[in-house]
Amino acid sequence: MSKLTYISLFSSAGVGCYGFKMEKFNCVATNELLQRRLDVQRANNKCKYESGYIQGDILLEETKQKILSQVELWKTKEKMDELTVLIATPPCQGMSVANHKKGDESKRNSLVVASLELIKQIKPKFFVLENVKAFLTTICTDLDGKDKKIKEAINTNLGDLYNIEFKVLNFKNYGANSSRTRTLVIGARKDLGIAPETLYPVYRKEKTLREIIGDLPSLKVMGEISPKDIFHYFRKYAPEMRHWIELLKEGQSAFDNTDKARLPHYYRNGEIVYTKNGNSDKYTRQYWDKVAPCVHTRNDILASQATVHPVDDRVFSIREIMRMMSIPETFKWTNHTLEELNALPLTDK
């Protein structure tokens, strides 16, 4: 039986495709722009060959050739007939509802088109594209120079070779530990005779936040780190902000406080200025017995969206966020084991 293999584009620290490693897939190549993120992947022994860790812009021909050369290396050294699956999660600038700076360059979404081009060249058995909800209706400039919706570009470039299924799913209904609505596109090469809709995950009962993090010890002291888990700590915040959240019940926001002294505010030229509630999820205490909220870019700061713990007066800890993102404890962020990190003196932590 031939080895199960994959390529991951825009792989960041490798969290998104760690499940493929857990399922015994072999990583042929992983591409990421930032070196420090690739170093996390190295800590998890993602690639068999060092040349599989490819840092660089996928729009550059040099980067593309490095990826293609890894396919040839695996065909030669590992007797790989063909790549099993290519995964691409291009950055969502110009697509995310949280992104309001939508210039011409982001609108063109050239990184998406570059992904389609590599799929055409490599011809894996399957491909997976994952992105934000608005992904398919966003405009890109295709390889033919024409502006079109991304869904049309996918069909134009890959429709002859692949059967393609497009779905928008909330991953909370399919085993994920938090609410996250995403577009998931799966393509199966036509000669395989496999319907891509059969490859989607099966429905699972939603999990509550209590089920996900309820066993972790309480953290009440600013700067406190769990002695048993270096990642179970929370980012410090200005002490006066505790006054804003300490009386909140589940589902309440600091903006719901009736005491003006407890409303979010700051000082400008010696005068108090009350913060405008531009996002209803800010400073909101979460529910124990509902699905965990979507994890955003800055879930480590109090002023971000849906960050306040159900009981403690703090943001979620790093371990709690990792669990909400379904990141297993076997995932490593450094070359050190958890035991080694826990043994560090407090000053080094």
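Where a number appears in this text, it was derived from the coordinates with a stated rule and is not lab data. A quick note: this is a predicted structure, and the numbers were derived from the prediction, not measured. Glycine also receives a Cβ, built like all others from the backbone with ideal geometry; neighbour counts cover every protein chain displayed.
In debye to the nearest 20, how big a dipole does region 207-349 give about its Cα centre with +1 on each Lys and Arg Cβ and -1 on each Asp and Glu Cβ?
On the way: 21 positive and 20 negative charges, 77 e Å.
That gives region 207-349 a dipole magnitude of about 360 debye.
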Quiz item: How would you classify region 207-349 from its alpha-carbon gyration tensor, with a ≥ b ≥ c the square roots of the eigenvalues: rounded for a/c under 1.5, else prolate if a/b is greater than b/c, otherwise oblate?
Solution: prolate
Exercise. May I ask you to derive the FRET efficiency for D191 and I139 from their Cβ-Cβ distance with R0 = 35 Å, giving the value to the nearest 0.05?
Key: 0.65
Quiz item: Taking the simple approach of a point 7 Å from Cα along Cα-to-Cβ for both N170 and L59, what is their distance in nm?
Solution: 3.6 nm
Quiz item: Span-like helices, the chain: DSSP H, alpha-carbon axial extent 15 Å or more, mean Kyte-Doolittle 1.0 or greater, which ones?
Solution: 110-122
Exercise. Mind checking which of L73, V112, T181 is farthest towards the positive end of region 5-199's charge dipole, using Cβ charges of +1 (Lys, Arg) and -1 (Asp, Glu) about the Cα centre?
Key: T181
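May I ask you to list the chymotrypsin sites (Phe, Trp or Tyr not before Pro) in region 1-65 that are in a DSSP loop and have at most 12 other Cβ atoms within 10 Å of their Cβ? List each step's numbers first, then the result.
Details: sites: Y6, F10, Y18, F20, F25, Y49, Y53; in loops: F10, F25, Y49.
Qualifying residues, ordered by number: none.
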Quiz item: Counting Lys and Arg as +1 and Asp and Glu as -1, what is the net charge of the other residues whose Cβ lies under 13 Å from the Cβ of K172?
Solution: +4
Quiz item: Among the aspartates and glutamates, which have Cα under 17 Å from the Cα of K282 when same-chain residues fewer than 8 positions away are ignored?
Solution: E240, E246, E250, D256, D300, D312, D313
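With a ≥ b ≥ c the root eigenvalues of the C-alpha gyration tensor of the chain, is it rounded (a/c under 1.5), prolate (a/b larger than b/c) or oblate? Please report the intermediate quantities before stating the final value.
Numbers: a/c = 2.07, a/b = 1.60, b/c = 1.29.
Note, shape of the chain comes out prolate.
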